[in-house]
Amino acid sequence: MKPLDSVEFIPFLQRFEWAKQRLGVYNDKWNACMMIPFKPDNKAAVMLRVIAAVGGDWDHVSVSLAYRTPTWEELEFIKRLLFKPDEVAVQFHVPVDDHVNVHPYTLHLWRPHKQKIRLPPKIFV
């Protein structure tokens, strides 16, 4: 993931007390809370709520909206914005017993640091 204190992210950074209490900082190189506008062609703009963090050898990004789940296009926009061009990020669909749902309209992107994500053959994608 790109450093979260990069100049390109400064306009989007938010200062939430809960983040400071949990992380010790509002935002830094490895943790950030952001509101990022997304305006697809011929559609109304939406503000994507994004929490990004690096820890435990993982990059993690959550993307949410107040009243609906983000679309694939919105999630892809955030992936391209926060991750480096050569990085692969994934969504996990875990077993029912491992599922945790803190917010009903949130999707997550993950990228491990210590292993490369194996991709299917391009013809399958």
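Worth a mention:
- Length gained when the stretch LYS116-MET47 is fully extended (0.36 nm per residue, less Cα-Cα span): 21.7 nm
- In sequence order, the range 8-16 has phi-based couplings of 5, 9, 3, x, 9, 5, 10, 10, 10 Hz under the Karplus curve 6.51 cos²θ - 1.76 cosθ + 1.60, θ = phi - 60°, and Gly or Pro positions carry x.
- Computed over the range 7-124: relative contact order in percent, which uses C-alpha pairs under 8 Å that are six or more apart: 20 percent
- Split the chain at each of the chymotrypsin sites (Phe, Trp or Tyr not before Pro) in a DSSP loop with at most 10 other beta carbon atoms within 10 Å, and the longest piece is 1-66.
- Cleavage-rule hits (trypsin sites (Lys or Arg not before Pro)) in the range 34-117: DSSP loop, at most 12 neighbouring Cβ within 10 angstrom: LYS43, ARG68, LYS114, LYS116
- Based on DSSP H segments of at least four residues, each scored -39500 (n - 2.57), the chain has a per-residue ellipticity at 222 nm of -4000 deg cm²/dmol.
- Between LEU13 and LYS84, full extension at 0.36 nm per residue minus the direct alpha carbon distance yields a gain of 23.7 nm.
- Between the amide H of PHE83 and those of LYS2, distances stay under 5 Å, these residues lying 5 or more places away or on another chain, with hydrogens modeled in the peptide plane.
Any read-out appearing in this document is the output of simple, stated calculations on the displayed coordinates, not a laboratory observation. Every value quoted in this text rests on a predicted model; they were computed, and no experiment measured them. Quick reminder, even Gly has a Cβ in these numbers, built from the backbone with ideal geometry, and neighbours come from all protein chains shown.
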